[in-house]
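Engineer: Submitted below is the structure of interest, expressed as structure tokens.
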Amino acid sequence: MTYQHTDAAGRRTGHSAPYGGRPAAPVPPGRPRRGPGGRRALAAAFWLGLVLAVLPWWLATPAGSLADTADLLTAGGRITGLIAGYLLLVQVLAMSRLGVLERVLGGERISRLHRDLGATLLVAVLTHTALLLVGYARQERNSVFGEVGALLTDYDDMLSAFVAAGIMVVVGFTAVRGIRRRLPYELWYALHLTSYLTLLLGYAHQFSNGAQLYEPGPVRTGWIAAYLLVVAALAWGRIIAPLVFNLRHKLRVADVVAESPDTVSVYLTGQRLNQIDMLGGQYFRWRFLNPGGWWQSHPFSVSAAANGRWLRLTVKVVGGHTADLRDLTPGTRVWAEGPSGTFTAAHRTRERALLIAGGSGIAPLRAMLEELPPGAALIYRARTPADVLLHRELDWLAQARQTSVWYVIGRRDDPGPRQVMNPEGLRHLVPDLTRRDVYLCGPGGLVDETVRVLRAAGVPRRQIHLTAFEL
Amino acid sequence: MRRALIAITGLAAGTTALVVLKGGPGAGQATAGDVPAASAPVAPGGSPAPDAPPPTAAGVTPSAAPSTSAKPSAKPSADRTPATRTSTRPRTAPAAPKTTTKAPKPTTRTVTGPTVTYRYGSLRVQITLSGSRIVDATGLDMPVGGQEGQRADDVQARYSGSSGEVVAKQSANLNTVSGATYTSTAYKQSLQSALDKA
């Protein structure tokens with residue numbers, strides 16, 4: 001590990017440095033904005049797909065054919081089954097790391113979608129199972145438990161379907177926040193990974209027993225095509241695209257620099273770095289290919305805008321994995337997936353921006369500062385002066401890009417933070433607060449509280465941008 | 001989490017709405033005298049059917065049904081059509097003792113449907129009619145033994161006989177026997193063709 005020279009800080013920016021650094025590859029000054037158009041198109045596609053999933057049932061069910069309770073229950077079970085099948089595909093697609101999704105929706109929105117859809121999917125699957133069990137049991141004048149036995153013995157592929165439902169229940173419950181916190185991350189991750197099995201195990205019973213799907217025809221073909229598309233997206237997003245990216249850029253650790261007692265910056269070099277289409281504030285999922293770290297991948301933001309020569313991530317040491325980052329040796333190969341995220345200057349809705357960072361949350365904001373037009377403002381919350389990271393770069397950027405920077409130091413209840421972190425205090429520092437986009441990055445508590453303060457100060461919801469990996 | 005709750009509520013509401021829209025009020029199963037209606041695509045005089053939503057009517061062209069039933073080669077993709085057609089006009093008035101008006105001569109005759117080949121074998125359905133009323137039905141040449149035989153027996157037990165579902169409903173619009181979807185469908189298909197012939 002090397003320690004930074006105090007006078008070298010100015011070279012850290014990607015722009016031609018006044019302190020003698022080599023001129024960087026030119027960054028186009030005004031990146032085109034990325035508006036909500038793509039997001040709306042995806043939302044429309046989602047709803048269209050949902051309608052298409054249920055439509056076969058609607059068309060194949062004669063009006064008035066649902067005479068008795070058993071029919072009604074069975075019909076409800078079929079509908080929820082179709083919806084569950086569709087939602088499972090959407091879930092897997094959302095997790096496919098497809099570049100389009102990662103850059104249009106962003107990781108934060110995807111993980112929220114994944115969580116909410118996951119809960120819905122679990123309820124849909126359980127409803128589907130329960131309704132059909134009760135419905136069939138009534139039709140055959142069987143007990144519900146007897147019907148479970150009948151399904152398992154008389155129907156094709158039902159055993160695997162029940163196993164799939166069981167996996168889904170386990171995955172769903174371990175994803176509940178309280179339970180998830182008590183599990184080791186690796187165990188939780190392994191459990192969550194088994195949910196891919198549900199795609200496989202739940203597949204067959206839809207076609208051998210699904211009233212809408214077992215007949216050959218456009219519905220069955222379409223359903224199979226949807227499965228194939230999702231699997232293709234998964235293969236592309238998880239395997240092919242990262243493979244292409246990493247074979248092309250061959251990233252390696254160049255240096256590890258201590259920024260503060262508990263924060264390190266990892267500098268990476270590679271080939272054709274100027275061709276990475278990366279925006280400041282985006283993140284990659286990093287996998288450091290050394291004996292201890294190759295099997296885990298973690299998302300970290302890049303803490304400097306694209307400069308064509310190096311990438312840098314700045315990470316606070318909080319756990320086992322981040323501690324290992326300190327001991328990386330230069331030359332270690334790095335596997336990266338990305339770039340992802342909508343936490344960028346291009347996604348702003350207004351011309352000017354206010355950035356609020358907490359602790360090591362400065363990393364993506366520092367990268368974004370280089371791509372924001374002059375006139376941005378940065379509020380940097382840190383507990384002690386030693387926790388302020390990259391402050392030379394920030395000072396330099398403040399000067400070069402006419403950015404106002406305030407360091408707000410202290411605990412939450414100290415007078416300084418209390419004075420600033422409320423609607424009046426923010427308005428005092430940034431009078432045109434409500435006409436700016438606000439980018440927030442930091443510990444969960446700070447982010448939540450700041451969002452409350454911002455909303456109280458009258459900042460519209462769509463002008464507040466968050467990045468948080470923990471839900 | 002709030003959005004998940006909204007989504008789950010939406011799921012429940014949507015499913016209920018769909019079932020209610022399809023099931024509808026007054027969606028009584030036709031009990032008797034359905035055979036003449038099956039041979040004529042339009043239901044006789046002023047059947048109210050206030051709840052029949054258009055999608056089913058649009059999804060199934062009535063003229064397509066006779067042609068599929070005339071073909072004895074069992075095309076599985078077509079077997080949904082005849083079943084749908086018979087029930088596009090759910091009668092709200094049950095008109096139970098129709099036999100007295102419709103059947104002046106109580107002669108019984110038997111009609112046999114075409115052989116339908118399905119995943120586990122083949123079968124055909126023979127119905128006995130008294131006038132236009134089905135009084136008995138039975139599946140012929142059904143698979144014997146093994147899981148196929150078990151399925152065939154289940155279907156036979158539910159549908160056939162003078163107290164089976166065919167006689168009760170007087171139509172091919174029967175509840176699918178769970179665990180024997182293919183067999184049920186084949187049975188219904190052959191039955192529908194027999195009804196069309198009768």
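The values are calculated or read from the model by the stated rules, or taken from the named source; none is laboratory data. In this text the structure is predicted, and so the values were computed from the model without any measurement. Cβ atoms come from the backbone with ideal geometry, glycine included; neighbour counts cover every protein chain shown. All accessible areas refer to the heavy atoms of the entire protein, side chains included, with ligands and DNA or RNA removed. Shrake-Rupley method; radii C 1.70, N 1.55, O 1.52, S 1.80 Å.
Engineer: Looking at (1) open to solvent by less than 30 Å² (accessible area, probe 1.4 Å); (2) at pLDDT 90 or above, which is the one condition that is false for residue A:243?
Structural biologist: Result: residue A:243 fails condition (1) only.
Engineer: Also: Filter the range A:105-146 down to the residues that are part of a helix (DSSP H, G or I) and of a type in the set (Asp, Glu) and list them by number.
Structural biologist: Restricting attention to the range A:105-146, the residues satisfying the condition of being part of a helix (DSSP H, G or I) are A:107-139, A:144-146.
Correct list: A:108, A:116.
Engineer: Continuing with this model, one more query. Residue A:412 versus (1) open to solvent by 50 Å² or more (accessible area, probe 1.4 Å); (2) assigned to a helix (DSSP H, G or I): which is the lone unmet condition?
Structural biologist: (2)
Engineer: Among the residues that make up the range A:113-120, is at least one of them at pLDDT below 90 and more than 9 Å from chain B (Cβ to nearest Cβ)?
Structural biologist: Looking for residues that are at pLDDT below 90 and more than 9 Å from chain B (Cβ to nearest Cβ), one finds none in the range A:113-120, hence no.
Engineer: Now for a different question. Looking only at the range A:72-98, count how many residues are open to solvent by 10 Å² or more (accessible area, probe 1.4 Å) and within 12 Å of chain B (Cβ to nearest Cβ).
Structural biologist: 8
Engineer: Taking the conditions exactly as written (surrounded by fewer than 18 Cβ atoms within 10 Å (Cβ to Cβ), within 30 Å of residue A:240 (Cα to Cα), in contact (Cβ under 8 Å) with a residue 24 or more places away in the chain and more than 14 Å from chain B (Cβ to nearest Cβ)), does residue A:160 satisfy them or not?
Structural biologist: The answer is yes for residue A:160.
Engineer: Hey, another quick one. Suppose we filter A:165, A:124, A:175 for residues that are within 30 Å of residue A:66 (Cα to Cα) and within 12 Å of another protein chain (Cβ to nearest Cβ); which single one remains?
Structural biologist: Checking each option against the conditions leaves just A:124.
Engineer: If residue B:159 passes every condition in (1) touching a strand residue (DSSP E or B) at 6+ places or on another chain (Cβ under 9 Å); (2) of a type in the set (Ser, Thr, Tyr); (3) away from chain A (no Cβ under 14 Å) but one, which one does it miss?
Structural biologist: The one condition residue B:159 does not meet is (3).
Engineer: While we're on this one: Across the range B:162-186, which residue is farthest from the other protein chains (Cβ to nearest Cβ) among those that are under 22 Å from residue A:149 (Cβ atoms) and of a type in the set (Gly, Ala, Ser)?
Structural biologist: Across the range B:162-186, the extreme among qualifying residues is B:184.
Engineer: Do we have any residue at all in the range A:179-202 that's under 30 Å from residue A:334 (Cβ atoms) and within 14 Å of chain B (Cβ to nearest Cβ)?
Structural biologist: yes
Engineer: I would also like to ask the following. Against the condition open to solvent by 40 Å² or more (accessible area, probe 1.4 Å), among the aromatic types (Phe, Trp, Tyr) and assigned to a helix (DSSP H, G or I), how does residue A:227 come out, does it pass?
Structural biologist: no
Engineer: Residues that are of a type in the set (Ser, Thr, Tyr): find the helices (runs of 4 or more DSSP H) completely inside the range A:315-401 holding 1 or more of those.
Structural biologist: A:320-325
Engineer: Considering only residues that are among the charged types (D, E, K, R) and closer than 13 Å to residue A:353 by Cβ, which ones fall in the range A:375-407?
Structural biologist: Listed by number, the list holds a single entry, A:401.
Engineer: Any residue at all in the range A:79-101 that's touching a His at 6+ places or on another chain (Cβ under 8 Å), in contact (Cβ under 8 Å) with a residue 60 or more places away in the chain and within 28 Å of residue A:150 (Cα to Cα)?
Structural biologist: Taking every residue of the range A:79-101 in turn, at least one turns out to be touching a His at 6+ places or on another chain (Cβ under 8 Å), in contact (Cβ under 8 Å) with a residue 60 or more places away in the chain and within 28 Å of residue A:150 (Cα to Cα).
Engineer: Spot the failing condition for residue A:324; the list is (1) on the phi < 0 side of the Ramachandran plot; (2) crowded, with 16+ Cβ neighbours inside 10 Å, and only one is missed.
Structural biologist: Residue A:324 satisfies all of (1) on the phi < 0 side of the Ramachandran plot; (2) crowded, with 16+ Cβ neighbours inside 10 Å except (2).
Engineer: Residues being touching a residue at least 24 places away in the same chain (Cβ under 8 Å), of a type outside the set (Lys, Arg) and facing chain A (nearest Cβ under 8 Å): count how many of those fall in the range B:1-24.
Structural biologist: Qualifying residue count, the range B:1-24: 1.
Engineer: Return the only residue of A:349, A:269, A:322 being within 26 Å of residue A:32 (Cα to Cα), β-branched (Val, Ile, Thr) and touching a strand residue (DSSP E or B) at 6+ places or on another chain (Cβ under 9 Å).
Structural biologist: Numbers: A:269 fails: within 26 Å of residue A:32 (Cα to Cα); A:322 fails: within 26 Å of residue A:32 (Cα to Cα).
Exactly one of A:349, A:269, A:322 is within 26 Å of residue A:32 (Cα to Cα), β-branched (Val, Ile, Thr) and touching a strand residue (DSSP E or B) at 6+ places or on another chain (Cβ under 9 Å), namely A:349.
Engineer: Just one of A:329, A:349 is within 17 Å of residue A:440 (Cα to Cα) and open to solvent by 10 Å² or more (accessible area, probe 1.4 Å); which is it?
Structural biologist: A:349
Engineer: Restricting to strands (runs of 3 or more DSSP E) lying wholly in the range B:63-162: which have 3 or more residues that are at pLDDT 80 or above, at positive phi and more than 15 Å from the chain's Cα centre (by Cα)?
Structural biologist: none
Engineer: Also: Determine whether residue A:287 is basic (Lys, Arg), in contact with a Gly (Cβ under 8 Å, 6 or more places away or on another chain) and within 23 Å of residue A:94 (Cα to Cα). Give the steps one after another, and end with the answer.
Structural biologist: Working: basic (Lys, Arg): yes; in contact with a Gly (Cβ under 8 Å, 6 or more places away or on another chain): yes; within 23 Å of residue A:94 (Cα to Cα): yes.
Taking the combined requirement at face value, the residue satisfies it.
Engineer: From the list A:446, A:454, A:397, A:378, pick out the single residue that is surrounded by fewer than 22 Cβ atoms within 10 Å (Cβ to Cβ) and in contact (Cβ under 8 Å) with a residue 12 or more places away in the chain.
Structural biologist: After applying the criteria, what remains is A:446.
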